[in-house]
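The structure appears right after this line, and notes come after that.
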Amino acid sequence: MNSALAAGALATLPAGLLSGCSSSKAAGTPHSPAPANRSVRTYNSSSEILFPKNFYWGTATAAYQIEGAWREEGKGESIWDRFAHTPGKIKNSDTGDVACDSYHRWREDIALMRAMNLNSYRFSISWPRIQAGGSGAANSKGIDYYSQLADALLEARIRPFVTLYHWDLPQGLEDAGGWLNRDTASRFADYVELVARALGDRVSDWMLFNEPLAFTYNGYLDGKHAPGRNSIFDFLRASHTVNLAQAAGFHALKGVRPPARVGTAFNMSACEPATNSEEDRLAAERAHAIGNLWFLEPALNGRYPEALAFLPESVMRIKAGDLDKMRAPLDFIGINLYYRTIASASSAMERISHAQQWLFPVKLAGGQQGPKTDHGWEVWPQALYDIVTRIARDYNHPQIEITESGCAYNDGPDANGVIRDARRIAYHRGYLQALAGAIADGADVRGYHAWSLMDNFEWAEGFSQRFGLAYVDFKTQQRTIKESGRWYAKVAAENRVGATTSAA
(Lines give C-alpha, C1' and ligand atoms only; values in the text may rest on other atoms or scores of the structure.)
Protein backbone atom coordinates (compact mmCIF):
# COMPACT_ATOMS: atom_id res chain seq x y z
CA MET A 1 0.00 0.00 0.00
CA ASN A 2 1.51 3.31 -0.99
CA SER A 3 1.99 5.92 1.71
CA ALA A 4 -0.30 8.51 0.12
CA LEU A 5 -3.27 6.15 0.17
CA ALA A 6 -2.42 5.08 3.69
CA ALA A 7 -2.32 8.66 4.86
CA GLY A 8 -5.66 9.35 3.23
CA ALA A 9 -7.23 6.37 4.95
CA LEU A 10 -5.90 7.36 8.34
CA ALA A 11 -6.95 10.97 8.00
CA THR A 12 -10.59 9.98 7.67
CA LEU A 13 -10.86 7.65 10.65
CA PRO A 14 -13.89 8.52 12.80
CA ALA A 15 -13.59 10.04 16.25
CA GLY A 16 -15.45 7.06 17.71
CA LEU A 17 -12.95 4.52 16.44
CA LEU A 18 -11.93 3.07 19.78
CA SER A 19 -14.31 4.37 22.42
CA GLY A 20 -16.51 1.31 22.40
CA CYS A 21 -13.62 -0.88 23.52
CA SER A 22 -12.22 1.48 26.14
CA SER A 23 -12.95 1.36 29.84
CA SER A 24 -12.11 5.03 30.23
CA LYS A 25 -14.38 6.59 32.81
CA ALA A 26 -15.33 9.32 30.35
CA ALA A 27 -16.36 7.20 27.38
CA GLY A 28 -20.01 6.37 26.85
CA THR A 29 -21.44 3.15 25.43
CA PRO A 30 -23.77 3.78 22.47
CA HIS A 31 -26.64 1.56 21.33
CA SER A 32 -25.73 -1.77 19.78
CA PRO A 33 -27.37 -4.72 18.09
CA ALA A 34 -28.04 -7.74 20.28
CA PRO A 35 -24.89 -9.87 20.63
CA ALA A 36 -24.64 -13.40 19.38
CA ASN A 37 -26.21 -16.14 21.48
CA ARG A 38 -23.55 -17.44 23.84
CA SER A 39 -23.29 -19.12 27.19
CA VAL A 40 -23.33 -16.74 30.14
CA ARG A 41 -22.26 -17.99 33.55
CA THR A 42 -24.78 -17.72 36.34
CA TYR A 43 -23.69 -16.97 39.89
CA ASN A 44 -25.41 -18.35 42.95
CA SER A 45 -25.77 -15.53 45.45
CA SER A 46 -27.08 -17.89 48.11
CA SER A 47 -23.64 -19.41 48.72
CA GLU A 48 -20.50 -17.70 49.98
CA ILE A 49 -17.38 -17.36 47.84
CA LEU A 50 -13.92 -17.56 49.40
CA PHE A 51 -10.90 -15.80 47.88
CA PRO A 52 -7.28 -16.99 47.95
CA LYS A 53 -5.18 -16.49 51.06
CA ASN A 54 -3.28 -13.17 51.07
CA PHE A 55 -5.64 -11.68 48.46
CA TYR A 56 -5.41 -7.91 48.19
CA TRP A 57 -8.56 -5.91 48.86
CA GLY A 58 -8.12 -2.32 47.81
CA THR A 59 -9.45 0.84 46.26
CA ALA A 60 -8.02 3.02 43.52
CA THR A 61 -7.59 6.78 43.07
CA ALA A 62 -5.57 9.15 40.87
CA ALA A 63 -3.60 12.25 41.80
CA TYR A 64 -5.42 14.83 39.70
CA GLN A 65 -8.80 13.41 40.71
CA ILE A 66 -8.29 13.71 44.47
CA GLU A 67 -5.24 15.74 45.50
CA GLY A 68 -6.06 19.36 44.75
CA ALA A 69 -3.23 21.71 45.78
CA TRP A 70 -2.73 22.25 42.09
CA ARG A 71 0.01 24.86 42.39
CA GLU A 72 1.32 24.40 45.91
CA GLU A 73 4.82 23.59 47.11
CA GLY A 74 6.56 23.57 43.77
CA LYS A 75 4.05 21.60 41.71
CA GLY A 76 4.09 22.53 38.03
CA GLU A 77 1.16 22.83 35.66
CA SER A 78 -0.15 19.60 34.16
CA ILE A 79 -2.09 19.14 30.94
CA TRP A 80 -5.18 18.56 33.09
CA ASP A 81 -4.68 21.85 34.91
CA ARG A 82 -4.56 23.59 31.54
CA PHE A 83 -7.45 21.59 30.05
CA ALA A 84 -9.81 21.97 33.01
CA HIS A 85 -9.24 25.71 33.03
CA THR A 86 -10.22 25.93 29.36
CA PRO A 87 -13.90 26.99 29.08
CA GLY A 88 -16.26 24.33 27.79
CA LYS A 89 -14.04 21.32 28.36
CA ILE A 90 -15.42 20.01 31.68
CA LYS A 91 -19.05 19.55 32.70
CA ASN A 92 -20.26 22.38 34.95
CA SER A 93 -16.83 24.06 34.53
CA ASP A 94 -15.48 21.88 37.33
CA THR A 95 -11.73 21.62 37.92
CA GLY A 96 -9.38 19.52 40.02
CA ASP A 97 -7.90 22.59 41.70
CA VAL A 98 -9.18 21.35 45.07
CA ALA A 99 -10.91 18.06 44.19
CA CYS A 100 -11.01 16.01 47.45
CA ASP A 101 -8.19 18.08 48.98
CA SER A 102 -6.30 14.85 49.63
CA TYR A 103 -2.97 16.65 49.52
CA HIS A 104 -3.94 18.04 52.93
CA ARG A 105 -6.42 15.36 54.06
CA TRP A 106 -4.55 12.14 53.25
CA ARG A 107 -4.68 11.08 56.88
CA GLU A 108 -8.49 11.15 56.66
CA ASP A 109 -8.25 9.01 53.52
CA ILE A 110 -6.13 6.42 55.30
CA ALA A 111 -8.67 6.41 58.12
CA LEU A 112 -11.33 5.52 55.52
CA MET A 113 -9.19 2.64 54.27
CA ARG A 114 -8.64 1.33 57.78
CA ALA A 115 -12.37 1.49 58.45
CA MET A 116 -12.90 -0.56 55.28
CA ASN A 117 -10.27 -3.14 56.35
CA LEU A 118 -8.27 -2.61 53.15
CA ASN A 119 -4.79 -4.01 52.70
CA SER A 120 -3.94 -2.31 49.38
CA TYR A 121 -4.26 1.27 48.12
CA ARG A 122 -3.72 2.11 44.49
CA PHE A 123 -2.79 5.77 44.09
CA SER A 124 -0.85 7.73 41.50
CA ILE A 125 2.06 10.11 41.69
CA SER A 126 1.68 13.47 40.01
CA TRP A 127 4.60 13.84 37.61
CA PRO A 128 4.55 17.69 37.73
CA ARG A 129 4.59 17.50 41.53
CA ILE A 130 7.94 15.71 41.21
CA GLN A 131 9.30 17.60 38.18
CA ALA A 132 7.43 20.83 37.54
CA GLY A 133 8.38 20.98 33.88
CA GLY A 134 8.92 17.29 33.25
CA SER A 135 12.71 17.19 33.64
CA GLY A 136 15.47 18.05 36.05
CA ALA A 137 15.95 17.44 39.75
CA ALA A 138 13.13 16.17 41.93
CA ASN A 139 11.02 18.63 43.91
CA SER A 140 11.74 17.73 47.52
CA LYS A 141 8.28 18.84 48.70
CA GLY A 142 6.63 16.48 46.23
CA ILE A 143 8.86 13.60 47.25
CA ASP A 144 8.13 14.33 50.91
CA TYR A 145 4.37 14.19 50.34
CA TYR A 146 4.44 10.75 48.74
CA SER A 147 7.04 9.53 51.20
CA GLN A 148 4.79 10.43 54.14
CA LEU A 149 1.84 8.78 52.42
CA ALA A 150 3.77 5.55 51.78
CA ASP A 151 5.07 5.45 55.36
CA ALA A 152 1.60 5.96 56.81
CA LEU A 153 0.13 3.26 54.59
CA LEU A 154 2.77 0.78 55.68
CA GLU A 155 2.16 1.67 59.31
CA ALA A 156 -1.53 0.93 58.71
CA ARG A 157 -0.55 -2.40 57.08
CA ILE A 158 -1.83 -1.25 53.70
CA ARG A 159 0.23 -1.95 50.59
CA PRO A 160 1.21 1.23 48.70
CA PHE A 161 0.36 0.24 45.11
CA VAL A 162 1.77 3.08 43.01
CA THR A 163 0.83 4.26 39.52
CA LEU A 164 3.58 6.38 38.03
CA TYR A 165 1.48 8.02 35.30
CA HIS A 166 -2.26 8.57 35.57
CA TRP A 167 -2.68 11.12 32.77
CA ASP A 168 -1.24 14.32 34.28
CA LEU A 169 1.64 15.02 31.90
CA PRO A 170 3.65 18.15 32.78
CA GLN A 171 2.43 20.95 30.51
CA GLY A 172 6.01 21.80 29.63
CA LEU A 173 6.42 18.43 27.96
CA GLU A 174 3.14 18.85 26.09
CA ASP A 175 4.39 22.19 24.82
CA ALA A 176 7.39 20.30 23.41
CA GLY A 177 5.13 17.81 21.61
CA GLY A 178 3.81 15.65 24.44
CA TRP A 179 3.48 11.96 23.69
CA LEU A 180 4.08 12.66 19.98
CA ASN A 181 7.67 13.55 20.83
CA ARG A 182 9.85 10.45 21.16
CA ASP A 183 11.96 12.32 23.70
CA THR A 184 9.03 12.10 26.14
CA ALA A 185 9.80 8.39 26.51
CA SER A 186 13.26 9.28 27.80
CA ARG A 187 11.85 11.97 30.08
CA PHE A 188 9.42 9.42 31.50
CA ALA A 189 12.25 6.96 32.22
CA ASP A 190 14.18 9.71 34.03
CA TYR A 191 11.11 10.54 36.14
CA VAL A 192 10.54 6.87 36.97
CA GLU A 193 14.14 6.54 38.12
CA LEU A 194 13.82 9.58 40.40
CA VAL A 195 10.69 8.21 42.05
CA ALA A 196 12.09 4.68 42.35
CA ARG A 197 15.21 5.99 44.08
CA ALA A 198 13.11 8.02 46.51
CA LEU A 199 10.40 5.48 47.34
CA GLY A 200 11.70 2.12 46.17
CA ASP A 201 12.94 1.12 49.61
CA ARG A 202 9.31 1.07 50.78
CA VAL A 203 7.21 0.61 47.66
CA SER A 204 7.57 -2.79 46.01
CA ASP A 205 4.58 -2.84 43.62
CA TRP A 206 4.33 -0.38 40.73
CA MET A 207 2.28 0.42 37.64
CA LEU A 208 3.95 2.35 34.87
CA PHE A 209 0.79 3.65 33.20
CA ASN A 210 -2.90 3.82 33.81
CA GLU A 211 -4.99 3.01 30.73
CA PRO A 212 -2.56 3.91 27.94
CA LEU A 213 -5.26 3.37 25.30
CA ALA A 214 -7.63 5.74 27.08
CA PHE A 215 -5.25 8.65 27.45
CA THR A 216 -3.86 8.37 23.93
CA TYR A 217 -7.28 7.92 22.33
CA ASN A 218 -9.25 10.42 24.43
CA GLY A 219 -6.40 12.93 24.53
CA TYR A 220 -5.09 12.77 20.98
CA LEU A 221 -7.87 11.40 18.76
CA ASP A 222 -11.30 12.40 20.06
CA GLY A 223 -10.12 15.38 22.11
CA LYS A 224 -12.47 14.84 25.07
CA HIS A 225 -9.53 14.65 27.45
CA ALA A 226 -6.33 16.61 27.90
CA PRO A 227 -4.53 17.78 25.86
CA GLY A 228 -7.60 17.92 23.60
CA ARG A 229 -6.13 17.02 20.21
CA ASN A 230 -8.20 15.58 17.34
CA SER A 231 -5.94 13.68 14.98
CA ILE A 232 -5.59 10.02 14.05
CA PHE A 233 -1.96 10.75 13.21
CA ASP A 234 -1.43 12.10 16.72
CA PHE A 235 -3.09 9.08 18.29
CA LEU A 236 -0.95 6.60 16.35
CA ARG A 237 2.28 8.47 16.99
CA ALA A 238 1.46 9.01 20.66
CA SER A 239 0.66 5.34 21.16
CA HIS A 240 4.02 4.32 19.74
CA THR A 241 5.88 6.75 22.01
CA VAL A 242 3.93 5.40 24.99
CA ASN A 243 4.92 1.85 24.07
CA LEU A 244 8.55 2.93 23.95
CA ALA A 245 8.11 4.77 27.26
CA GLN A 246 6.52 1.75 28.91
CA ALA A 247 9.62 -0.32 28.20
CA ALA A 248 12.04 2.49 29.05
CA GLY A 249 10.26 3.08 32.35
CA PHE A 250 10.23 -0.62 33.15
CA HIS A 251 13.97 -0.98 32.64
CA ALA A 252 14.70 2.25 34.53
CA LEU A 253 12.75 1.05 37.55
CA LYS A 254 14.29 -2.41 37.48
CA GLY A 255 17.72 -0.82 37.15
CA VAL A 256 17.20 0.96 40.46
CA ARG A 257 15.15 -1.71 42.24
CA PRO A 258 15.60 -5.15 40.61
CA PRO A 259 13.22 -6.94 43.03
CA ALA A 260 10.39 -4.49 42.29
CA ARG A 261 7.15 -5.89 40.91
CA VAL A 262 6.25 -3.80 37.87
CA GLY A 263 3.21 -3.81 35.58
CA THR A 264 0.73 -1.51 33.82
CA ALA A 265 -3.00 -1.01 34.40
CA PHE A 266 -4.63 -1.65 31.01
CA ASN A 267 -8.20 -0.63 30.26
CA MET A 268 -9.89 -3.72 28.86
CA SER A 269 -13.33 -4.76 27.70
CA ALA A 270 -14.63 -8.17 26.69
CA CYS A 271 -15.27 -7.77 22.95
CA GLU A 272 -18.17 -9.89 21.72
CA PRO A 273 -19.40 -10.44 18.14
CA ALA A 274 -22.85 -9.02 17.42
CA THR A 275 -23.78 -12.24 15.62
CA ASN A 276 -22.30 -15.67 15.07
CA SER A 277 -21.19 -14.78 11.56
CA GLU A 278 -17.54 -15.25 10.65
CA GLU A 279 -17.33 -11.57 9.74
CA ASP A 280 -18.55 -10.39 13.13
CA ARG A 281 -16.25 -12.84 14.92
CA LEU A 282 -13.32 -11.40 13.01
CA ALA A 283 -14.52 -7.90 13.89
CA ALA A 284 -14.58 -8.86 17.58
CA GLU A 285 -11.00 -10.14 17.32
CA ARG A 286 -9.90 -6.86 15.74
CA ALA A 287 -11.68 -4.99 18.52
CA HIS A 288 -9.93 -7.15 21.12
CA ALA A 289 -6.59 -6.51 19.45
CA ILE A 290 -6.82 -2.73 19.47
CA GLY A 291 -8.90 -2.34 22.62
CA ASN A 292 -7.07 -4.77 24.90
CA LEU A 293 -3.71 -5.63 23.37
CA TRP A 294 -2.40 -2.47 21.65
CA PHE A 295 -0.07 -1.76 24.58
CA LEU A 296 0.25 -5.29 25.97
CA GLU A 297 1.52 -7.17 22.92
CA PRO A 298 4.36 -4.69 22.32
CA ALA A 299 5.55 -5.12 25.91
CA LEU A 300 5.34 -8.89 26.12
CA ASN A 301 6.00 -9.91 22.52
CA GLY A 302 7.66 -6.94 20.80
CA ARG A 303 4.97 -6.50 18.14
CA TYR A 304 1.72 -4.73 17.42
CA PRO A 305 -1.40 -6.92 17.34
CA GLU A 306 -3.35 -7.40 14.12
CA ALA A 307 -6.00 -4.79 14.69
CA LEU A 308 -5.87 -2.66 11.53
CA ALA A 309 -5.92 -3.76 7.90
CA PHE A 310 -2.25 -2.75 7.82
CA LEU A 311 0.28 -1.33 10.26
CA PRO A 312 1.02 2.30 9.26
CA GLU A 313 4.68 2.21 10.27
CA SER A 314 5.65 5.45 8.56
CA VAL A 315 2.74 7.36 10.05
CA MET A 316 3.56 5.96 13.50
CA ARG A 317 7.23 6.79 12.94
CA ILE A 318 8.39 3.32 13.86
CA LYS A 319 12.16 3.13 13.48
CA ALA A 320 14.45 0.17 13.00
CA GLY A 321 14.91 -1.57 16.32
CA ASP A 322 11.84 -0.02 17.93
CA LEU A 323 9.96 -3.29 18.26
CA ASP A 324 12.74 -4.72 20.41
CA LYS A 325 12.87 -1.47 22.38
CA MET A 326 9.16 -1.87 23.25
CA ARG A 327 9.73 -5.16 25.06
CA ALA A 328 9.13 -5.14 28.80
CA PRO A 329 8.56 -8.46 30.60
CA LEU A 330 5.90 -7.11 32.96
CA ASP A 331 5.67 -8.88 36.31
CA PHE A 332 1.89 -8.60 36.35
CA ILE A 333 -0.96 -7.39 34.16
CA GLY A 334 -3.30 -4.84 35.67
CA ILE A 335 -6.85 -4.93 34.31
CA ASN A 336 -9.34 -2.06 34.57
CA LEU A 337 -12.74 -3.34 33.48
CA TYR A 338 -16.19 -1.79 33.69
CA TYR A 339 -18.26 -3.15 30.79
CA ARG A 340 -18.23 -5.14 27.55
CA THR A 341 -18.13 -4.16 23.87
CA ILE A 342 -20.20 -5.48 20.97
CA ALA A 343 -18.39 -5.63 17.61
CA SER A 344 -19.83 -6.05 14.13
CA ALA A 345 -18.25 -6.05 10.69
CA SER A 346 -18.59 -3.17 8.30
CA SER A 347 -20.50 -3.96 5.13
CA ALA A 348 -18.74 -4.17 1.77
CA MET A 349 -20.39 -0.90 0.73
CA GLU A 350 -19.25 0.82 3.93
CA ARG A 351 -15.69 -0.33 3.31
CA ILE A 352 -15.76 0.93 -0.26
CA SER A 353 -17.41 4.23 0.61
CA HIS A 354 -15.40 5.09 3.71
CA ALA A 355 -11.65 4.70 3.86
CA GLN A 356 -11.70 4.45 7.65
CA GLN A 357 -13.94 1.38 7.48
CA TRP A 358 -11.53 -0.19 5.05
CA LEU A 359 -8.64 0.41 7.44
CA PHE A 360 -10.54 -0.67 10.55
CA PRO A 361 -13.61 -2.60 9.29
CA VAL A 362 -15.33 -2.77 12.65
CA LYS A 363 -18.31 -1.04 14.26
CA LEU A 364 -18.19 -0.88 18.05
CA ALA A 365 -20.97 -0.34 20.58
CA GLY A 366 -21.85 -1.03 24.18
CA GLY A 367 -24.07 -3.80 25.49
CA GLN A 368 -27.73 -3.12 26.18
CA GLN A 369 -28.99 -6.23 27.96
CA GLY A 370 -27.82 -5.61 31.50
CA PRO A 371 -28.91 -2.90 33.95
CA LYS A 372 -27.38 0.55 33.56
CA THR A 373 -25.42 2.71 35.94
CA ASP A 374 -26.31 6.37 36.38
CA HIS A 375 -23.57 7.09 33.83
CA GLY A 376 -25.31 4.82 31.31
CA TRP A 377 -22.85 1.93 31.35
CA GLU A 378 -24.11 -1.62 31.16
CA VAL A 379 -23.48 -3.78 34.23
CA TRP A 380 -22.20 -7.12 32.89
CA PRO A 381 -20.10 -9.21 35.31
CA GLN A 382 -19.51 -11.87 32.64
CA ALA A 383 -17.18 -9.38 30.94
CA LEU A 384 -14.73 -9.58 33.83
CA TYR A 385 -14.73 -13.38 33.78
CA ASP A 386 -14.27 -13.42 30.01
CA ILE A 387 -11.35 -11.02 29.84
CA VAL A 388 -9.50 -12.42 32.87
CA THR A 389 -9.73 -16.01 31.61
CA ARG A 390 -8.72 -14.98 28.09
CA ILE A 391 -5.67 -13.02 29.23
CA ALA A 392 -4.72 -15.91 31.52
CA ARG A 393 -5.04 -18.41 28.67
CA ASP A 394 -3.36 -16.34 25.97
CA TYR A 395 -0.39 -15.16 28.08
CA ASN A 396 0.54 -18.34 29.93
CA HIS A 397 -1.25 -17.55 33.18
CA PRO A 398 0.49 -14.34 34.27
CA GLN A 399 -0.10 -12.66 37.59
CA ILE A 400 -3.16 -10.42 37.26
CA GLU A 401 -4.41 -7.59 39.45
CA ILE A 402 -7.85 -6.07 38.99
CA THR A 403 -6.67 -2.49 39.24
CA GLU A 404 -10.09 -0.87 38.70
CA SER A 405 -13.76 -1.79 38.52
CA GLY A 406 -16.67 0.28 39.68
CA CYS A 407 -19.90 2.09 38.95
CA ALA A 408 -21.42 5.55 39.06
CA TYR A 409 -24.53 5.76 41.21
CA ASN A 410 -25.35 9.21 42.51
CA ASP A 411 -27.18 8.25 45.71
CA GLY A 412 -26.85 10.89 48.41
CA PRO A 413 -27.38 10.92 52.17
CA ASP A 414 -30.89 10.26 53.48
CA ALA A 415 -32.50 12.14 56.37
CA ASN A 416 -30.24 10.25 58.78
CA GLY A 417 -27.08 10.92 56.77
CA VAL A 418 -26.88 7.32 55.52
CA ILE A 419 -25.96 6.69 51.86
CA ARG A 420 -27.96 3.61 50.86
CA ASP A 421 -26.35 2.55 47.58
CA ALA A 422 -27.57 -1.03 47.20
CA ARG A 423 -26.96 -0.96 43.45
CA ARG A 424 -23.22 -0.44 44.02
CA ILE A 425 -23.18 -3.40 46.38
CA ALA A 426 -24.93 -5.49 43.73
CA TYR A 427 -22.38 -4.36 41.13
CA HIS A 428 -19.31 -5.33 43.14
CA ARG A 429 -20.93 -8.55 44.36
CA GLY A 430 -21.60 -9.61 40.76
CA TYR A 431 -18.15 -8.69 39.48
CA LEU A 432 -16.45 -10.39 42.42
CA GLN A 433 -18.50 -13.54 41.85
CA ALA A 434 -17.36 -13.47 38.21
CA LEU A 435 -13.75 -12.93 39.29
CA ALA A 436 -13.96 -15.84 41.71
CA GLY A 437 -15.13 -17.98 38.79
CA ALA A 438 -12.08 -16.95 36.78
CA ILE A 439 -9.80 -17.80 39.71
CA ALA A 440 -11.49 -21.18 40.09
CA ASP A 441 -10.83 -21.77 36.40
CA GLY A 442 -7.11 -21.18 36.80
CA ALA A 443 -6.48 -17.42 36.56
CA ASP A 444 -3.75 -16.16 38.92
CA VAL A 445 -5.46 -13.06 40.31
CA ARG A 446 -3.78 -11.35 43.25
CA GLY A 447 -6.14 -8.47 44.12
CA TYR A 448 -9.25 -6.38 43.43
CA HIS A 449 -9.34 -2.58 43.60
CA ALA A 450 -12.71 -0.87 43.58
CA TRP A 451 -12.94 2.42 41.77
CA SER A 452 -12.98 4.43 43.86
CA LEU A 453 -12.09 5.02 47.50
CA MET A 454 -14.31 8.11 47.43
CA ASP A 455 -16.26 10.32 45.08
CA ASN A 456 -13.88 12.52 43.11
CA PHE A 457 -13.24 14.59 39.98
CA GLU A 458 -14.26 12.31 37.11
CA TRP A 459 -12.35 13.91 34.24
CA ALA A 460 -14.65 15.41 31.59
CA GLU A 461 -17.65 14.61 33.81
CA GLY A 462 -16.33 16.80 36.62
CA PHE A 463 -18.07 16.05 39.90
CA SER A 464 -21.32 14.90 38.27
CA GLN A 465 -20.66 11.16 38.61
CA ARG A 466 -20.06 9.47 41.96
CA PHE A 467 -18.05 6.22 41.91
CA GLY A 468 -16.87 6.21 45.53
CA LEU A 469 -17.32 3.76 48.37
CA ALA A 470 -17.23 6.91 50.50
CA TYR A 471 -19.38 9.98 49.86
CA VAL A 472 -17.64 13.35 49.63
CA ASP A 473 -19.39 16.64 50.32
CA PHE A 474 -17.26 18.78 48.03
CA LYS A 475 -18.23 21.98 49.86
CA THR A 476 -17.09 20.82 53.29
CA GLN A 477 -14.81 17.94 52.20
CA GLN A 478 -16.53 15.71 54.76
CA ARG A 479 -16.17 12.01 53.95
CA THR A 480 -18.91 9.51 54.82
CA ILE A 481 -18.61 5.79 54.20
CA LYS A 482 -21.53 4.57 52.09
CA GLU A 483 -23.37 1.34 52.76
CA SER A 484 -21.33 -0.15 49.90
CA GLY A 485 -18.15 0.79 51.76
CA ARG A 486 -19.40 -0.97 54.88
CA TRP A 487 -20.28 -4.04 52.82
CA TYR A 488 -16.83 -3.98 51.17
CA ALA A 489 -15.23 -3.70 54.61
CA LYS A 490 -16.91 -6.96 55.61
CA VAL A 491 -15.77 -8.65 52.39
CA ALA A 492 -12.19 -7.50 52.98
CA ALA A 493 -12.18 -8.54 56.64
CA GLU A 494 -13.52 -12.01 55.89
CA ASN A 495 -11.78 -12.50 52.51
CA ARG A 496 -15.05 -13.73 51.08
CA VAL A 497 -18.27 -12.60 49.48
CA GLY A 498 -20.96 -13.78 51.84
CA ALA A 499 -24.24 -15.40 50.94
CA THR A 500 -27.25 -13.14 50.49
CA THR A 501 -30.83 -13.26 49.38
CA SER A 502 -31.04 -9.58 48.48
CA ALA A 503 -29.06 -6.98 46.54
CA ALA A 504 -27.17 -6.03 49.71
Tabulated pairs, region 356-369, first in contact (Cβ under 8 Å) with a residue 24 or more places away in the chain and within 14 Å of A345 (Cβ to Cβ), second open to solvent by 30 Å² or more (accessible area, probe 1.4 Å) and not in a loop (DSSP other than H, G, I, E, B), C-beta under 6 angstrom, 6+ apart or interchain: W358/R351; P361/R351; V362/R286
Qualifying residue in region 295-308 (condition: farther than 17 Å from D386 by Cβ and either of a type in the set (V, I, T) or touching a Gly at 6+ places or on another chain (Cβ under 9 Å) (or both)): yes
Where a residue in region 474-497 is of a type outside the set (K, R) and its partner, wherever it lies, is part of a strand (DSSP E or B) and open to solvent by 30 Å² or more (accessible area, probe 1.4 Å), with Cβ under 6 Å and at least six apart: T480/Y471; V497/I49
Number of the condition not met by D168 [criteria: (1) closer than 21 Å to W80 by Cβ; (2) of a type in the set (D, E, K, R); (3) open to solvent by 10 Å² or more (accessible area, probe 1.4 Å)]: (3)
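A quick yes/no check of all residues on (1) open to solvent by less than 20 Å² (accessible area, probe 1.4 Å); (2) within 16 Å of Y191 (Cα to Cα); (3) without any contact (Cβ under 8 Å) to a residue 24 or more places away in the chain:
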{"site": "Q65", "(1), (2), (3)": "yes, no, no"}
{"site": "K91", "(1), (2), (3)": "no, no, no"}
{"site": "R114", "(1), (2), (3)": "no, no, no"}
{"site": "G134", "(1), (2), (3)": "yes, yes, no"}
{"site": "D151", "(1), (2), (3)": "no, no, no"}
Residue selected from region 338-383 under the condition hydroxyl-bearing (S, T, Y) and modelled with pLDDT under 95, by the criterion surrounded by the most Cβ atoms within 10 Å (Cβ to Cβ): S346
Strands (runs of 3 or more DSSP E) (entirely within region 191-289) containing at least 2 residues that are farther than 24 Å from F123 by Cβ: 270-273
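Show me the helices (runs of 4 or more DSSP H) entirely contained within region 44-144 in which 1 or more residues are at negative phi, modelled with pLDDT under 95 and in contact with an Asp or Glu (Cβ under 8 Å, 6 or more places away or on another chain). So that I can check it myself, show each step before the final result.
Numbers: elements: 63-66, 79-84, 102-115, 127-130.
In region 44-144, there are no helices (runs of 4 or more DSSP H) which contain 1 or more residues that are at negative phi, modelled with pLDDT under 95 and in contact with an Asp or Glu (Cβ under 8 Å, 6 or more places away or on another chain).
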Criterion: closer than 24 Å to W167 by Cα and open to solvent by less than 20 Å² (accessible area, probe 1.4 Å) - qualifying residue of A283, A274, A260: A260
Residue in region 409-425 that is open to solvent by less than 10 Å² (accessible area, probe 1.4 Å) and out of contact with any helix residue (DSSP H, G or I) (no Cβ under 7 Å at 6 or more places or on another chain) present: no
Scope region 444-468; condition of a type in the set (A, V, I, L, M) and open to solvent by 10 Å² or more (accessible area, probe 1.4 Å); matching residues: A460
Only one of G430, G462 that is out of contact with any Gly (no Cβ under 8 Å at 6 or more places or on another chain), at positive phi, small (G, A, S) and in contact (Cβ under 8 Å) with a residue 24 or more places away in the chain: G462
Lone unmet requirement of (1) out of contact with any strand residue (DSSP E or B) (no Cβ under 6 Å at 6 or more places or on another chain); (2) more than 19 Å from H449 (Cα to Cα) for S102: (2)
Residue ID - most open to solvent (accessible area, probe 1.4 Å), chosen from residues in region 469-497 that are small (G, A, S) and in a helix (DSSP H, G or I): A493
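The values are calculated or read from the model by the stated rules, or taken from the named source; none is laboratory data. None of the values given here were measured: they were computed from a predicted structure. Reconstructed Cβ throughout: ideal geometry from the backbone, glycine too, with neighbour counts over all protein chains shown. Each accessible area value is taken on the protein alone, full model and side chains, heavy atoms only, with ligands, DNA and RNA left out. Shrake-Rupley method; radii C 1.70, N 1.55, O 1.52, S 1.80 Å.
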